[in-house]
Amino acid sequence: MPAEPAHVIVGASLAGAKAAETLRAEGFAGPVVLIGDEQERPYERPPLSKGFLLGKDDKSSVYVHEEGWYADHDVDLRLGVAARSIDRVARRVGLADGSSVSYGKLLIATGASPRRIRVPGADLDGVLYLRSVGDSERLRAALQGGGRVVMAGSGWIGLETAAAAREYGCDVTVVEPEPGALHRSVGPELGEVFAGLHRSHGVVFRFGEGVSQLRGSGRRVSAVVTSSGAELPADIVVIGIGAVPNAWLAADAGLDVDNGILADEALRTSDPDIYAAGDVANAFNSLLGRRIRVEHWGNALAGGPLAAKSMLGQQVSYDLVPYFYSDQYDLGMEAAGLPEPGNYDQVLYRGDRDSLEFIALWLSDGAVVAGMNVNVWDVNDDIQALIRSGLPVDPDRLTDPDVPLGEL
Ligand SMILES: Cc1cc2nc3c(=O)[nH]c(=O)nc-3n(C[C@H](O)[C@H](O)[C@H](O)COP(=O)(O)OP(=O)(O)OC[C@H]3O[C@@H](n4cnc5c(N)ncnc54)[C@H](O)[C@@H]3O)c2cc1C
């Protein structure tokens, strides 16, 4: 009897590792091959801009599974080798070492990479990015030396890095072409709350200004020139200007790609034997009724398993409420939904914004489309239930802290 074809997963990080776990948990007994181009076994990235960057969490805490888990579950984990091509006719994935692996079903979970800055001086020493555990180790070593840090970008990575840099005692300036912090992720109202938090910790923002040039002293960065012509002295420059999906493997194989790999609500790509999950997937979300590409931990955590079930022929629907969390200084928050400008017409609050203990709720036509609990806990499931319901809510009850969110 011919051997059962392997279920192959390209991308050995959170989505990929969780998919492998689910294939085994759901009883798939055939070969599972998990291919990753990093040397590390699958790990989680959120600590890389938080506890691990601050030296509070050690490396052992970032991994998705114990070292022996892959062998114990007969998962053929191949690290340090990139997938280079997919031959959809022969059903084989070509690897950078010249070998190839044949697949029955294939999951692409190749994630995203930091968007590179393309300005003169971009390749100077001391210009750093943050995506991998190695990046975080390099950045930590640089921040420990103190000095002047210029952060390009005030998204989540930018703000978390700014907070860590302040905790290391660095002077921090954030350069951001948008009019405020987190502008595209949470809109101006909440962006200002976060900018205020950082200002109170000594961070200087330069909104409406981009990085035009990086100047060096020898090979090392020494200053950032902004679009307004200002020259900011810098010992370290951290670039946090977004991420781009690693979709070229899929595009080269002729799969449909548009801001990530296009996938249906079963996380199937335009080839029914190839699936996509995590940061790289631009998948149809059946709850929101549109395709979304989400660069969130929760999306990889749940999306990998969903794709695995779909590979096994189970009926699944990608209907997750996008979920995100962040820690900065003493502030902890969780957010549900996508509160991007254009998705809402009103923001309401319950609790005290000044003391940074509140819930923000974004509404569209009277219904909650997103919510963020800041230093308030055990309410995110209720916020997600409100988003799922899609029903208009009474604004007075919504903002009344005495009315439990679960009773709305
Ligand atoms: C510093 C940092 C902090 C973050 N903090 C938070 C947070 O607080 N909250 C939150 O919700 N989200 C956070 N995120 C986002 C979250 O980590 C990502 O959404 C998550 O890692 C996505 O997982 P993934 O498995 O889809 O992709 P990735 O984690 O990007 O993994 C993809 C893997 O595939 C590999 N790969 C790519 N191409 C190939 C190839 N051709 N062959 C083989 N392997 C390949 C990559 O090297 C990588 O190992 C953070 C991200 C970063 C970088």
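Bear in mind that the values in this text are calculations on the coordinates, not laboratory data. The structure displayed is predicted, hence computed values, not measured ones. Positions of Cβ are generated from backbone atoms using ideal geometry, with glycine treated the same way; all protein chains shown enter the neighbour counts.
The table for this structure:
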item	result
Residues (surrounded by 14 or more Cβ atoms within 10 Å (Cβ to Cβ), within 16 Å of the ligand (Cβ to nearest atom) and not in a strand (DSSP E or B)) located in segment 208-253	240, 241, 242, 246, 247, 249, 250, 253
Residues of segment 29-45 that turn out to be buried (at least 23 other Cβ atoms within 10 Å of the Cβ) and small (Gly, Ala, Ser), as a count	1
Filter result for residue 175 (within 30 Å of residue 276 (Cβ to Cβ) and in contact (Cβ under 8 Å) with a residue 40 or more places away in the chain)	no
Residue 8 surrounded by 17 or more Cβ atoms within 10 Å (Cβ to Cβ), over 20 Å from residue 134 (Cβ atoms), aliphatic (A, V, I, L, M) and under 27 Å from the mean Cα position of the chain (by Cα)	yes
Residue tally, condition of a type in the set (D, E, K, R) and over 18 Å from residue 149 (Cα atoms), over segment 206-258	3
Tally, over segment 95-132, of residues that are over 25 Å from residue 214 (Cβ atoms), crowded, with 18+ Cβ neighbours inside 10 Å and either in contact with a helix residue (DSSP H, G or I) (Cβ under 9 Å, 6 or more places away or on another chain) or among the aliphatic types (A, V, I, L, M) (or both)	9
Subset of segment 99-148 [within 24 Å of residue 30 (Cα to Cα) and of a type in the set (Gly, Ala, Ser)]	99, 100, 102, 104, 109
Every residue from segment 133-160 that is assigned to a loop (DSSP other than H, G, I, E, B), surrounded by 18 or more Cβ atoms within 10 Å (Cβ to Cβ) and out of contact with any helix residue (DSSP H, G or I) (no Cβ under 7 Å at 6 or more places or on another chain)	153, 154
Exclusive hit being in a loop (DSSP other than H, G, I, E, B) and either among the aliphatic types (A, V, I, L, M) or within 30 Å of residue 164 (Cα to Cα) (or both), set 29, 15, 19	29
Output for segment 41-73, where each listed residue is part of a loop (DSSP other than H, G, I, E, B), within 8 Å of the ligand (Cβ to nearest atom) and under 21 Å from residue 19 (Cβ atoms)	42, 44, 45
Hits in segment 263-317 - residues which are assigned to a strand (DSSP E or B), within 16 Å of the ligand (Cβ to nearest atom) and farther than 25 Å from residue 156 by Cα	263, 274, 275
Single condition residue 144 does not satisfy, out of (1) more than 15 Å from the ligand (Cβ to nearest atom); (2) more than 26 Å from the chain's Cα centre (by Cα)	(2)
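Here is a yes/no grid of residues against (1) surrounded by fewer than 24 Cβ atoms within 10 Å (Cβ to Cβ); (2) without any contact (Cβ under 8 Å) to a residue 60 or more places away in the chain; (3) in contact with a Leu (Cβ under 6 Å, 6 or more places away or on another chain):
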| site | (1), (2), (3) |
| --- | --- |
| 273 | yes, no, no |
| 286 | yes, yes, no |
| 294 | yes, yes, no |
| 300 | no, no, yes |
| 305 | yes, no, no |
| 317 | yes, yes, no |
